[in-house]
1. Enumerate the calculated ³J(HN,Hα) couplings along region 434-443 in order (Karplus 6.51 cos²θ - 1.76 cosθ + 1.60, θ = phi - 60°), each rounded to whole Hz, writing x wherever the residue is Gly or Pro.
2. In terms of Cα to Cα distance under 25 Å, which lysines are near enough to K403, apart from those fewer than 8 places away along the same chain?
3. Determine ³J(HN,Hα), in whole Hz, for all residues of region 152-161 in sequence, where each value follows from phi through the Karplus function 6.51 cos²θ - 1.76 cosθ + 1.60 and θ = phi - 60°; x replaces Gly and Pro.
4. Hey, rough spin-label estimate for R217 and D509, points 7 angstrom out along Cα→Cβ, what's it come to in nanometres?
5. Can you tell me which lysines have their Cα less than 23 Å from the Cα of K93? Leave out same-chain residues fewer than eight positions away.
6. Using modelled backbone amide H atoms (1.01 Å from N, in-plane), which distant-in-sequence or interchain residues come within less than 5 Å of K73's amide H?
7. How much of S364 can a 1.4 Å solvent probe reach, expressed as accessible area in Å² and rounded to 10?
8. Using the 2.2 N^0.38 Å rule of thumb for compact globular proteins, work out how the chain stacks up: its C-alpha Rg over that value, please.
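The values are calculated or read from the model by the stated rules, or taken from the named source; none is laboratory data. Note that the structure is a prediction, hence the values are computed from the model and not measured. A quick note on method: Cβ atoms are made from the backbone with ideal geometry, for glycine too, and the neighbour counts reach across all protein chains shown. Remember, those area values only see protein heavy atoms, side chains included, never the ligands or the DNA or RNA. Shrake-Rupley method; radii C 1.70, N 1.55, O 1.52, S 1.80 Å.
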Amino acid sequence: MNFTEQDLKQIEAKGLTLKTVEKQIERFKTGIPFTKIVEAATIGNGIMALSDSKINELIAYFESQKKDVALKKFVPASGAATRMFKFLFQFIKEFNPENDTVDTYIKNNESKDMAKFVSGMDKFPFYNLVLSQLQQSGVDISALSQTKKVWHFVNTMLDTDQLNYGVYPKGLLPFHKYSEKHIATAFEEHLYEAALHAANGNTAKIHFTISKQHTDRFRNEFSRIKEHVEEDTGIDFEITYSYQKESTDTIAVNMDNTPFRNPDGSLLFRPSGHGALIQNLNAVDADIIFIKNIDNVVVKPYQNDIAKYKKVLAGILLKVQAKSFGYLNQIDNGNVTDSTLEDIEEFMSEELNVKIPKDYHNFSKEEKVTFLHKHLNRPIRVCGMVKNEGEPGGGPFWIIDDKGQQSLQIVETAQIDQSNTAQNTILQNATHFNPVDIVCGVKNYKGEKFNLNQFVNEQAAFITQKTKLGKELKALELPGLWNGGMANWNTIFVEVPVLTFNPVKKVNDLLKEHHQI
C-alpha cells in the first residue's frame, strides 16, 4: 500500500503505526471469519438459575465482603441520541404541514412509531420543556391544529437552533419526569442506582466514557444535581470521565479495499465501536467493576429491584473469585495433591464453565497444574442474562474456536453465519439475550491488575458498511467490549429478570412502564 508522507504524519498523529493500519487493511481484504456456535447457552447448560434463598444468600455475602474491596461503576456513555429520533428526523424531512395531515402521513407510511409518539406526546418527560421553548419562539400551540402542533413540537425538539436533542449525549436527555421541577437525566439515575449497590461506606465511584466535546455538559449536569442527589442518598459521588482514544480509531476503505480519502485528500479514520472501550476499562483501578449502558435505567420505584440483582451478580463474583484465589495460592505453594487437582477441575468445569480438553487426562501432573493455573488466573465476568423477547443484539452461546476448544461467549448476531442453516437454527433457538449487565473482577490473586488487552480475541471484530458524502465505504469495529473484548475471561452467565433491561433505543421507549411515574 502506497502512503504519502502526509499520510504517515496523519497516522502518527493519531497514535497509530503504519504496521497497524496495514494490518487493518489486510483485515478488510481477507474478511473476518464467522464465530462458530455449537449450541445456545440455556438454564443448566451455561446459565445459572437463581432461587429466592440463593438470592438472599448471595446478597448477604456481598454485603459482608464489600467493605474489603474497591467498587466502581463503569458506564459507556459516549453515544449521541441521534438514533433515538430517527423516525422523527424522517418525519421532519418528508412532511409538509401545509399540504398534509399527521394522520395521513402515519397511514401512508404505516408508521407505528409515529402513531405511538403522537398518542403519547404529553407523557414524554420533555413535553413541557418543548412547550416552553415554543412559547419563547412566539408559537401558541393551543391555537394550532393537531397536525401543526405535532410538526412544531417535533421541529422544536430537533432543530439545531432550538432544543437540538438529536445531537445531545443520550445520557443528558430528559428521561424521567418526577415533577415539573424535577426531570431526571439517565446520568442522574445512574447516580441513584450506584448509591444502592456500588457504594463503599458513604462514597460511590462512577466512571463514564464520554465524547470529549461533551465534557463540560456532563460536568455542568453533575454540578447542577450534586447537592440534591447527595442529600437524598446520603452518598458522596466521585465521578470520573474518559474518552475513546484516537489510537483505537480504524482506517476506512472503499469497497475495493483501498483507503477512503476525504475531499482534502486525507485518510478517513473512524471510531472503532464500543470494543475500543476495553482500553478505558483497562485504565480503571478497582477490584470489582459494574458495567451498565447509559440508557438502561428505570424510575426510582424500581431501582431497589435493579440494585438487588447487581448485588447478586457481585456476590457470585466474590464467592467464585475467593475460591479461585485459594486454589491459585495452593498451586503457588506447591500444595497440590491428586485430590486437589480433581477439586480444581470440578470447580473450573462446574462454576467457571471451562471445558477441559479431551487430551487433558493424558497430561503429566506438572502439565495439568500449568493448564489449571493458566485458566484460573484470568479476569472474571459475571453477566446477567434475560429471557429472549426478540430484541436485536447478542446472546449467550457455546462456541468452538479453530483449535477445537469450546467456551462460553456473548456472541452478536452479526458474528453468526445466518446463511448456514445449522448455525441459524441454533441462533433462532436461543432462549436468552445479553442486556449488558456485567460485574467484573479485574485483579489477580496477588492483588495485581490484569492487563485486559491480553484477553481479547482479535478475530472477533466486525466489518460494517457505511456511507460518507454519498459514497459507500467499509468500516472496521474492534472486538466488542463484552464479546470479543472479553473472550478469554472466565465467564459466568446468570438469569436475571427482564425488569433489569430497560434501554431507550427509540424515544418511544420512554413511554414504557419502567420509565413513567
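1. 8, x, 6, 10, 10, 10, 10, x, 10, 10
2. In chain and number order, the partners are K23, K29, K36, K355, K358, K365, K368, K374.
3. Calculated HN-Hα couplings, in order: 4, 4, 5, 4, 5, 4, 9, 4, 5, 8 Hz.
4. Once both label points are built, they end up 1.8 nm from each other.
5. Once the sequence-local lysines are set aside, what remains near K93 is K107, K112, K116, K148, K149, K170, K466, K468, K471, K505, K506.
6. Result for K73 returns K205, I206, H207, F290.
7. 60 Å²
8. Normalised Cα radius of gyration, the chain: 1.06.
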